[in-house]
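S.K.: Quick one: the structure is below, and I'll ask about it shortly.
The values are calculated or read from the model by the stated rules, or taken from the named source; none is laboratory data. The structure presented is a predicted model; accordingly, all values stated were derived computationally and were not measured. As a convention, Cβ positions derive from the backbone with ideal geometry for all residues, glycine included, and neighbour counts pool all protein chains shown.
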Amino acid sequence: MWKEFREFAVKGNMIDMAVGIIIGGAFGKIVSSLVQDVIMPPLGLLMGKVDFGSLYVNLSGKVYPSLAAAKAAGAPTINYGAFINTVIDFVIVAFAIFIVVKQINKLQALAKKKGEAAPATTKECEFCLSAIPLKATRCPNCTSELQAMAEAA
């Protein structure tokens, strides 16, 4: 069982997936910082000096001057400002992934198109199944006459 696990863990796909997860986590942190530190402050300023991270609904009935004070008192809150930040994080990450997948699909289509562009230069002998030139009338491997194949082509 240990040997099977080791073979599974060392496979290229497993390592590629692990690297992708680590890079994805780091990318998520970068996007979160972008949203919280770069995008939301100017957006909050344009909307009347609103700090989205501190927007909340207090469910306790008591009045607290800030979200931090409500949390320190243990009051139940709905932190919709943090939710707005998370939604914007998601939209940015989803858009970035969309762009990457779209580019990968475009490159795959281009590679497929290039692979199909090369015309065939050989055909298969119907007797010995070896590759022979398109204009051949006799197979150089089995010496069969290929008149029927030449007429059909």
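S.K.: Can you say whether Leu43 is assigned to a helix (DSSP H, G or I), out of contact with any helix residue (DSSP H, G or I) (no Cβ under 7 Å at 6 or more places or on another chain), surrounded by 13 or more Cβ atoms within 10 Å (Cβ to Cβ) and among the hydrophobic types (A, V, I, L, M, F, W, C), as far as the supplied structure shows?
M.R.: Yes: the conditions hold for Leu43.
S.K.: Using the structure shown, decide if Leu34 is assigned by TED's automatic domain parsing to the domain that holds Gly24, free of Cβ contacts under 8 Å to residues at least 12 places away in the same chain, assigned to a helix (DSSP H, G or I) and over 16 Å from the mean Cα position of the chain (by Cα).
M.R.: Judged against the criteria, Leu34 is not a match.
S.K.: Every residue in region 46-57 that is modelled with pLDDT under 85 and assigned to a helix (DSSP H, G or I), please. Spell out how you get there, then give the answer.
M.R.: Looking only at region 46-57, we keep the residues that are modelled with pLDDT under 85, and these are 47-54.
Those that are modelled with pLDDT under 85 and assigned to a helix (DSSP H, G or I): Phe52, Gly53, Ser54.
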